[in-house]
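> Structure provided below as structure tokens; questions to follow.
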Amino acid sequence: MSKIILTGDRPTGRLHVGHYVGSLRRRVELQNSGEFDKIFIMIADAQALTDNADNPEKIRQNVIEVALDYLSVGLDPAKSNLFIQSQISELTELTFFYMNLVTVSRLQRNPTVKAEIQMRNFEASIPVGFFTYPISQASDITAFKATTVPVGEDQLPMLEQTKEIVRKFNSVYGETLVEPEILLPENEACLRLPGTDGKAKMSKSLGNCIYLSDTEEDVRAKVMSMYTDPEHIKITDPGKLEGNTVFTYLDAFSKPEHFAEFLPEYNNLDELKEHYQRGGLGDVKVKKFLNNVLQDELAPIRARRAEFEKDIPEVYNILKRGSDVAREAAAETLAEVKRAMKINYFEDSALIEEQSKKYSR
Ligand code: TRP
């Protein structure tokens, strides 16, 4: 069986370092591993509109931002199809058919949907499109016969729901769809990178994100004001690592080479942590190290972004070509789905013959 990746992001803002360690970095590694037959990376504008219906301009502006972020981290259009969800009408058609296989109560139990409804204060005014987006996400994944879906941990319930739809579809209509596997980061810190203020979630409204497109100076300022251990006041005080954002970021980003290059007094992160816990290591020193580590990782991303920003029409062309390839793949699956569901009237000569026999006497 071919190995196929499908994944994507909602274009509701620029992508940040949480997206990077949670999924983007992995996608690039997978892309360059050469292990996959096809790779589809989707800008989920239609999904973004499910809770931004009154703000289409925001979504439109962020499509190009996300595309630039994708290209700047090293997703390569020669290896990965970058495309825009709304341009593949086949996906909506699949969603309409899958809707018959999912109950309202099952959607109500989806933990991600539940959390999002609370977060947005939707209560009684949940848009139907928003409520059903897990079904549309199942279409995104199955349309490309994806075997592997590299995403962040918050997407786990979506993958569960997709697998259920696949099993249900295949059991009712015959083996047609492929059951996908989720691919999560192995590293605990990457799984849930906190905001710079130590809050569990990075979000634009909280102003606690480091964006991939931030300038060197922005990143430095954000790192220097990061939340650490509020009880670590004097350098000699012993410091705590739990909930200490600077160390969580080091867990997610630092490599042994960084110590040799930027902080040769320590061999590795364990030694640095040990000193911090013992006391005698100040926050500023650790923050300066983290800044070096982040700049090391972000500088090539920033440079690549600057190159692509010089030719925006070409970025749209990349998305258009990717969308054309994606549409073809989705159309193939949709045809199989329709065949399985017996709604392929005009290509079924046996059906036409059977019906004419019935009426020929
Ligand atoms: N829900 C994802 C997000 O919030 C975006 C998305 C839409 C997606 N369809 C997908 C991710 C299919 C993976 C697979 O960013």
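Here is a yes/no grid of residues against (1) over 14 Å from the mean Cα position of the chain (by Cα); (2) hydrophobic (A, V, I, L, M, F, W, C); (3) outside any helix (DSSP H, G or I):
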| site | (1), (2), (3) |
| --- | --- |
| Ile59 | yes, yes, no |
| Tyr70 | no, no, no |
| Thr92 | yes, no, no |
| Lys114 | yes, no, no |
| Ala138 | yes, yes, no |
| Ile141 | no, yes, no |
| Pro157 | no, no, no |
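> Would you mind stating whether Tyr98 is aromatic (Phe, Trp, Tyr), crowded, with 20+ Cβ neighbours inside 10 Å and closer than 29 Å to Ile343 by Cα?
Yes, satisfied.
> Check Thr148, Thr162 and return the single one that is within 13 Å of the ligand (Cβ to nearest atom), surrounded by fewer than 20 Cβ atoms within 10 Å (Cβ to Cβ) and under 16 Å from the mean Cα position of the chain (by Cα).
Thr148
> Same structure, new question: Out of Ala138, Ala124, report the one residue that is of a type in the set (A, V, I, L, M, F, W, C), more than 20 Å from Asp37 (Cα to Cα) and within 11 Å of the ligand (Cβ to nearest atom).
Checking each option against the conditions leaves just Ala138.
> Being without any contact (Cβ under 8 Å) to a residue 12 or more places away in the chain, of a type outside the set (Lys, Arg) and within 23 Å of Glu328 (Cα to Cα) narrows it down to one of Ala67, Ala124, Ala78, so name that one.
Exactly one residue qualifies, and that residue is Ala78.
> Here is a list of conditions, (1) surrounded by 15 or more Cβ atoms within 10 Å (Cβ to Cβ); (2) within 12 Å of the ligand (Cβ to nearest atom), and Asp214 meets all of them except one; can you say which number that is?
All conditions are met except number (2).
> While we're here: With the structure loaded, tell me whether Lys273 is among the basic types (Lys, Arg) and over 25 Å from Thr215 (Cβ atoms) or whether it fails that test.
Answer is yes for this residue.
> Would you point out the residue of the range 1-54, among those that are assigned to a helix (DSSP H, G or I) and closer than 20 Å to Phe130 by Cβ, that is nearest to the ligand (Cβ to nearest atom)?
Filtering the range 1-54 for residues that are assigned to a helix (DSSP H, G or I) and closer than 20 Å to Phe130 by Cβ, the one nearest to the ligand (Cβ to nearest atom) comes out as Gln47.
> Only one of these is at pLDDT below 90 and of a type in the set (S, T, N, Q): Asn110, Asn100, Asn121. Name it. Before you say what the answer is, go through the steps one by one.
Working: Asn110 fails: at pLDDT below 90; Asn100 fails: at pLDDT below 90.
Step by step, each of Asn110, Asn100, Asn121 is checked, and only Asn121 is at pLDDT below 90 and of a type in the set (S, T, N, Q).
> Test each condition in (1) over 20 Å from the mean Cα position of the chain (by Cα); (2) at pLDDT 95 or above; (3) over 30 Å from Glu309 (Cα atoms) for Pro127 and report the one that comes out false.
(2)
The values are calculated or read from the model by the stated rules, or taken from the named source; none is laboratory data. Owing to the predicted nature of the structure, the values given are computational and were not obtained by experimental measurement. All Cβ positions, glycine included, derive from the backbone under ideal geometry; neighbour counts span all protein chains shown.
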